[in-house]
Structures are given as structure tokens and as C-alpha cells.
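For reference, the structure discussed in these notes is given below.
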Amino acid sequence: MKPDLILVANAADAWLYAHSTRERGLLMLDTLHAPESRLHSHELDTGPIGHERSDSRPGGVMLASRMDAQHKRQLAFARHLAQRIDTALQTHAYGDVVLFAACPFLGKVKNALGPDARKALRDAVPLDLTHFDGDELSRRVNNALRSGVDNAD
């Protein structure tokens, strides 16, 4: 059985793990950081607030409401994380994907996932576990996964 990909993230830090149900442990695959995502828009000094396209169809003209620089940085980090997950899945070495992140960043990552990652997405848990590591993180991930299995019955 293939190990699962586990992403533990917030808007500025993320860790990607492999998780085997047999061993119940976490093996760190990658660490990603975007500290500028924590800064406020006025600290980023990126110029005026602009629009983000919300219509990706050819010839689409719909624009989303104005986004500040902090929101744009968080979206860029979410896209980077989603791309990293997509790349890992292309190796065919992993099974399901489980995301752990606080809202609303969890939704940003989910929306950025590619088609293969969306198919492999088993669960998206609205928990910020970035403050934990080692055995405590493994325990919390296993508890969340176990409760997700219990809720599926």
C-alpha cells in the first residue's frame, strides 16, 4: 500500500510528509516557507491594490474584487504548495492526499490543487498543526485521520 501525502500548513509555513498506515509515523519530505505572507499589506510595499482574474476561460472578462498584497502572497504560496503536491503525485509513489491547515488558507490550497490531486484528496482538515512536531504531530495527525475514518462509516 502506498503512503499518503500529508500537508501541514498555514499561510507562511508548510511541511509535506509521507504517512504510512502500517507504521503510523510521519516522514518529512519537504519544508516550504513564505514569511512575507505574514506581513500586512502596508509592510509589503507592492504598489496599489489590483484585481485578480476570476474567469480563466479564454476571452473571459470577469474580475474578482480588489485584493490586497497579503492576500495575493497567500494565494501564490497556496499555488506553490498545490504544485508541490501535484509533482509528488506524478511519481506514483503516493496514494491519498490529506491537508491540514487553518481556514481560510485551507480553501486556498484546495482550490489550487490540480485534477490529479483533487482526485487523490481524501480529506481537508481545518486544523493548524504547524506548532507541533515529532511525536505530538504524529499523534494529532493519526487521531484526526482515525476520526475521519470513524465519521465515514
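The values are calculated or read from the model by the stated rules, or taken from the named source; none is laboratory data. Values in this document were obtained by computation on a predicted structure and should not be read as measured data. Cβ atoms come from the backbone with ideal geometry, glycine included; neighbour counts cover every protein chain shown.
General observations
- For region 6-27, the candidate set comprises residues that are more than 14 Å from Leu127 (Cα to Cα) and assigned to a loop (DSSP other than H, G, I, E, B); within that set, the residue that is modelled with the lowest pLDDT is Arg24.
- When the residues of region 92-125 are filtered to those that are closer than 16 Å to Ala11 by Cα and aromatic (Phe, Trp, Tyr), the one that is surrounded by the most Cβ atoms within 10 Å (Cβ to Cβ) is Phe100.
- Pairs with Cβ under 7 Å, 6+ apart, first in region 123-137 and of a type in the set (Phe, Trp, Tyr), second part of a loop (DSSP other than H, G, I, E, B) and surrounded by 15 or more Cβ atoms within 10 Å (Cβ to Cβ): none
- Candidate set from region 92-114 (those that are of a type outside the set (A, V, I, L, M, F, W, C), over 19 Å from His19 (Cβ atoms) and in a loop (DSSP other than H, G, I, E, B)); member that is modelled with the lowest pLDDT: Pro104
- Qualifying residue in region 70-91 (condition: within 19 Å of Asp133 (Cβ to Cβ), modelled with pLDDT of 85 or more and surrounded by 15 or more Cβ atoms within 10 Å (Cβ to Cβ)): yes
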